[in-house]
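The values are calculated or read from the model by the stated rules, or taken from the named source; none is laboratory data. Remember, it's a predicted structure, so these values are computed and weren't measured experimentally. We place every Cβ from the backbone using ideal geometry, glycine too, and count neighbours over all the protein chains shown. Side chains included, ligands, DNA and RNA excluded: accessible areas come from the protein's heavy atoms. Shrake-Rupley method; radii C 1.70, N 1.55, O 1.52, S 1.80 Å.
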Amino acid sequence: MRTAAFGIALIASTAALAAELESRQLTHYIPQNDLETIVRKEDWTEVPLAVKGGTLKGDTVRVWAGGLIDRGNGDQPGENVNGADGYREPTRLGIDQPTFALSPDSAHTFAVLFKTESTGPVKCIPPGKPLEIKLTKDKEKLWIGFNDEKGRYQDNHLGKGRRHELDPLWVRVEVVRITVD
């Protein structure tokens, strides 16, 4: 009797574990030249999601990001830097009524933002954790942009240091599909 109950419990737990399978459909590192262009313009840039057959409703886009962005606005290069997740304390910036180009939300201050056709801007998460965006329709598109003050984009660069050589921004985009057996 115990053996039969144990066998049924083992089969039930194995079936529960095998119910969902995660499969990475795409891994794409955004090239440094493209990132340099993205942080230096006041607009959104499409990220190509070149999945064979296109993306599907229910796919998850995971964005991993790290490194630094030099926002300029200083006497020396590297004075005003932050990560892809933006400036942590926007109230301490001393900016009166800032007008940001991509999102007026103060939580998005100096952050790398992503959006899809159905979701609004979402900022990157601190390094070590992925930003996850669930796609709500087939062949949905993804855009990236840097949320800086209007008119202040030309002095932005990747990395810090006198020649911006230290810890430049990097972004990896993955498309993950969950299949149910």
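Among the residues making up region 141-157, those that are in a strand (DSSP E or B) and out of contact with any His (no Cβ under 6 Å at 6 or more places or on another chain) are LEU142, TRP143, ILE144, GLY145, PHE146, GLU149.
Scan region 111-139 residue by residue and report those that are part of a loop (DSSP other than H, G, I, E, B) and touching a Lys or Arg at 6+ places or on another chain (Cβ under 8 Å). ALA111, GLU117, SER118, PRO121, PRO130, LEU135, THR136, LYS137, ASP138 - these are the residues of region 111-139 that are part of a loop (DSSP other than H, G, I, E, B) and touching a Lys or Arg at 6+ places or on another chain (Cβ under 8 Å). Could you tell me whether LYS139 is free of Cβ contacts under 8 Å to residues at least 24 places away in the same chain, out of contact with any Asp or Glu (no Cβ under 9 Å at 6 or more places or on another chain), open to solvent by 10 Å² or more (accessible area, probe 1.4 Å) and charged (D, E, K, R)? The answer is no for LYS139. Within region 103-116, residues that are farther than 12 Å from GLU149 by Cα sit with their Cβ atoms under 8 Å from residues that are surrounded by fewer than 22 Cβ atoms within 10 Å (Cβ to Cβ) and among the aromatic types (Phe, Trp, Tyr), at 6+ positions apart or across chains, in these pairs: PHE114/TRP143; LYS115/TRP44; LYS115/TRP143; THR116/TRP143. If you go through region 59-84 and keep only what is assigned to a loop (DSSP other than H, G, I, E, B) and either surrounded by 19 or more Cβ atoms within 10 Å (Cβ to Cβ) or at pLDDT 95 or above (or both), you end up with ASP59, GLY67, ARG71, ALA84. On the stretch given as region 20-51, residues that are at pLDDT below 90 and surrounded by 11 or more Cβ atoms within 10 Å (Cβ to Cβ) total 0. Quick check: is even one residue across region 154-173 touching a strand residue (DSSP E or B) at 6+ places or on another chain (Cβ under 8 Å), within 22 Å of LYS41 (Cβ to Cβ) and loosely packed, with under 14 Cβ neighbours inside 10 Å? No, the conditions are met nowhere in region 154-173.
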